[in-house]
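The next block holds one structure in the form of structure tokens; read it before the comments.
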Amino acid sequence: MCLSVAAEGSLTDSAETIEAGAFRVDLLPFLRRGAQTHQFCSYDRAGDNYDAEYLSLYTENNGECVIFDAMGPGCLSRHQMNIWHDHEIYKGINIRYAFDDEPKPRIDMDISTFFSNENPLGIFQPSLAWDGKENFRVLYHPMFFKKRLKVSLSSEPGGPGTTPMPWTGRYSDLPNRRNHWYNYTYQLYTEDPGLDSWTSETARRMMPALLKAVDVHGLGSNPEPSRRKQEEAATRNVGAGKTVTLWKRSGESGAITALQIKVDPAKNAGALFNSWLKITFDGAASPQIEAPVGCFFGAYRTSLESSFAALPLRFSSGEGHCSFPMPFWKSAVIQIQNRGQGEVAVAVTVETNTGSATTYPRQRCGYLHANYHREDPRTEGKDYTYLEASGHGQVVGHVVMRWNTSTEEDERTYFDGSRTPWIIGEGFEDDHDMGWGLQNLTQPLFGAISANDGSGSIYRFLTADMYCFSSDIKYGHQTYGPHSPLGHEGMYQVGTEESVTFWYGYAEPRLMQTDELDIGDPKSEAAHAYRAKGDAERVHGAYWYDGEFNNVLLKTPAIADQGVSCTGGSSFTVAISPENQGVRLRRRCDKENNRQLARVFIDGRMVTERPWYSVDYEKTYRGIRWFDSDYELPARYTKGKDKISVRIEFISSKTGRWDEYRYWAYSYVRP
């Protein structure tokens, strides 16, 4: 196991975690500092539920429908597609993966063949892929791109939409309604990890290790297991209102590598869900893990006979098994708190790897956290939140239990204070790698039990596509009810939902804001030596951001701001921390002007890792136009400095202009 350390001292992903080890459970505690998680998806840009009308980000002159376009270095790992449901609109459509602006795509294949066992590349294999036939198809396969990756369809299935959006009538009255959606999840890296862009040979070389890592019988274990593992078992009776310690270790470093718990009486939902699991590492003031035992293991309260076996979790016959590694460096305590009315018996088996300070060095790894949340009932129009936390780390999955809920609820996840959600989905079942309702399906990385339309116990585990955050995260999804969404009134209920979200990291942020440039404010412009280049004009906007506060379900005031639209770019200075380990710039822009591209210079030195590029859907609706575009600066450009001079050299955009309303500067610091 080897993670690289860049010359400037910032931790970055290595080839092992990006490619062959992308799905290894034993590597999950390693913090992916220097990674940012994003997603392209065909969600409704008007804030409604007509996702199929927004498939193409933009269309090339040759008719190609572009669905993914990102500047590297980065890695696309999750490919979820749904175009096969009806009308045979998929016939004759090729999918194309073009790397690094090469004129010929490295993949140019019939889309149905690509998403099937007949894929000649050998990458569409069980455990890493699922062919849901006409309902959905999903592939997990890491594709690293050094400079750029563009994914397109040879043409839009069924042709471009003919109905003007947004549609304000009933859902059932939408003419020529189409059924095609997708979700492509990827990461960008601040530093170049030194890999070459994906090739078919890369795929051939990786596949044996990838398949071994998602073998649920091997529980995604380290290919070279430690010889220092120990197993201890105990059974304790826990009286009503009491808390009992099941296991503890102190005075040494180690890692819990497997945890098995059974609560008796096993068929009593009260016993299983009133018994709370609490695990505290290194003497923390509050447990890092605190959740009902049944919820922690994904049991469904109203169907305890249902079982599943996923990569890091299993549940069957009242017994749960967890293989998330839980490193600690001083101590670990496992407790059960009985919040019920009667006594319960709890049996626990703990497998540990002692002396694991070298296996999981503290400066590179984080604690496992498990956060429980329940809403009964949920609130229509307000996002259900799996996790809202400050700190830094990575979300590695969740289990969620739902009753009387809708599948039409899109995921919306916000990272590091950005008002633009970096992850937006287009339906609850699609966000969990399914389509056309939840399926009773158990795969290593996703699945559901007791599924009934939008209800059931559902899980999705994030390995290669883990959600990385540096200061905070809000991870959740829409909540529909009898009054929403537009055109679907009366179709859905608010319902009940509870979840446990798993993440590695710390409560301390490692990204802090150090400056803000308010364009349009003369004092701020003067203080930051701001200058616009070329043909520059003052502009004003009063718009909304995408997501929960888009003024569609939840009415919110528009955000008014002034800015500049110019043809040459701009220059300015911003303050940063001299202790920085890299810097993030954030720019508020208008996404009506799509595909804005520019070079960035820091103190006269061009940033060679990537240009600044922002891309989204080609049109905007209902004033949902604000977009926070982030740009990462490696420490080599910023180390030891307390301010930097930034020069933006505009290249191209939809309108031939660069727009900017506000800039923020953030410094990465050691927490």
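Values for this structure:
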read-out	value
Test: residue in the stretch 9-20 that is open to solvent by less than 30 Å² (accessible area, probe 1.4 Å) and at pLDDT 95 or above	no
Qualifying positions in the stretch 46-77 - open to solvent by 10 Å² or more (accessible area, probe 1.4 Å) and of a type in the set (D, E, K, R)	Glu53, Glu60, Glu64
The stretch 372-389, subset outside any loop (DSSP other than H, G, I, E, B) and open to solvent by 50 Å² or more (accessible area, probe 1.4 Å), residue farthest from Lys555 (Cα to Cα)	Tyr372
Members of the stretch 101-129 found to be among the acidic types (Asp, Glu) and either assigned to a loop (DSSP other than H, G, I, E, B) or open to solvent by less than 40 Å² (accessible area, probe 1.4 Å) (or both), listed by number	Asp101, Glu102, Glu118
Qualifying residue in the stretch 509-525 (condition: under 22 Å from Arg412 (Cα atoms) and touching a Ser or Thr at 6+ places or on another chain (Cβ under 8 Å))	yes
Number of the exception - Pro361 against (1) open to solvent by 10 Å² or more (accessible area, probe 1.4 Å); (2) farther than 19 Å from Gly283 by Cβ; (3) in contact (Cβ under 8 Å) with a residue 24 or more places away in the chain	(3)
Scope the stretch 397-436; condition under 17 Å from Val138 (Cα atoms), in contact (Cβ under 8 Å) with a residue 60 or more places away in the chain and assigned to a loop (DSSP other than H, G, I, E, B); matching residues	Gly425, Glu426, Gly427, Asp433, Met434, Gly435, Trp436
Complete set of residues in the stretch 78-100 that are over 26 Å from Leu462 (Cβ atoms) and either aromatic (Phe, Trp, Tyr) or open to solvent by 10 Å² or more (accessible area, probe 1.4 Å) (or both)	His85, Asp86, His87, Glu88, Ile89, Tyr90, Lys91, Gly92, Asn94, Arg96, Ala98, Asp100
Strands (runs of 3 or more DSSP E) (entirely within the stretch 131-190) containing at least 2 residues that are open to solvent by less than 30 Å² (accessible area, probe 1.4 Å) and over 18 Å from Leu55 (Cα atoms)	137-145, 181-189
Boolean, Val350 is open to solvent by less than 30 Å² (accessible area, probe 1.4 Å), in contact with a helix residue (DSSP H, G or I) (Cβ under 9 Å, 6 or more places away or on another chain), within 19 Å of Phe297 (Cβ to Cβ) and modelled with pLDDT of 95 or more	no
The stretch 426-448, subset touching a Phe, Trp or Tyr at 6+ places or on another chain (Cβ under 8 Å) and of a type in the set (S, T, N, Q), residue surrounded by the fewest Cβ atoms within 10 Å (Cβ to Cβ)	Thr442
Restricting the stretch 318-347 to residues that are under 14 Å from Thr257 (Cβ atoms) and of a type in the set (Gly, Ala, Ser), the residue that is surrounded by the fewest Cβ atoms within 10 Å (Cβ to Cβ)	Ser323
Those residues of the stretch 191-244 which are open to solvent by 80 Å² or more (accessible area, probe 1.4 Å), small (Gly, Ala, Ser) and modelled with pLDDT under 90, in sequence order	none
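Residue by residue, here is whether (1) small (Gly, Ala, Ser); (2) at positive phi; (3) open to solvent by 10 Å² or more (accessible area, probe 1.4 Å); (4) not in a strand (DSSP E or B) holds:
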residue: Ala255; (1), (2), (3), (4): yes, no, no, no
residue: Gln260; (1), (2), (3), (4): no, no, yes, no
residue: Leu277; (1), (2), (3), (4): no, no, no, no
residue: Ala284; (1), (2), (3), (4): yes, no, yes, yes
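The values are calculated or read from the model by the stated rules, or taken from the named source; none is laboratory data. Note that the structure is a prediction, hence the values are computed from the model and not measured. Using ideal geometry, Cβ is built from the backbone for each residue, glycine included, and neighbour counts are taken over all protein chains shown. These area figures cover heavy atoms from the full protein model, side chains too; ligands, DNA and RNA do not enter into them. Shrake-Rupley method; radii C 1.70, N 1.55, O 1.52, S 1.80 Å.
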